[in-house]
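A short worksheet on the structure shown next.
The values are calculated or read from the model by the stated rules, or taken from the named source; none is laboratory data. Since the structure is predicted, the reported quantities are computational estimates derived from the model, not experimental observations. Neighbour counts run over all protein chains shown; Cβ positions are idealised from the backbone, glycine included.
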Amino acid sequence: MRYGGDGMKTPTIVGVLLVILGVAILVFGEFNYTTTRTAAKIGPVGITTEEKRTVPVSPMVGGALVVGGAILLFANRRLRT
């Protein structure tokens with residue numbers, strides 16, 4: 001007996017995830033994160049600062065992920081039939 005049975009196979013799962021990630025990149029175009037660092041520390045007392053950073057992501061990356069995911073989905077479907 002094979003694990004997973006007739007459920008979704010790995011290429012299908014990866015293809016769906018790539019399409020979702022690609023669409024998210026196309027919609028949002030960037031992601032934000034915050035870093036915390038110690039600005040000064042004198043004895044037990046410390047001062048920390050938070051820096052917010054934005055990383056832009058090219059729409060071409062999102063498009064490539066959507067196309068790659070679609071290729072995986074259609075190739076997997078073609079192999080199963």
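With respect to L72, determine if the residue is assigned to a helix (DSSP H, G or I), touching a residue at least 60 places away in the same chain (Cβ under 8 Å) and under 13 Å from G15 (Cα atoms).
Yes: the conditions hold for L72.
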Open item on the list: Tell me yes or no: at least one residue of region 24-42 is touching a residue at least 40 places away in the same chain (Cβ under 8 Å) and either part of a helix (DSSP H, G or I) or not polar (S, T, N, Q) (or both).
Closed with: yes
Taking region 2-56 and the residues there that are exposed (fewer than 10 other Cβ atoms within 10 Å of the Cβ) and at positive phi, the one that is modelled with the highest pLDDT would be G43
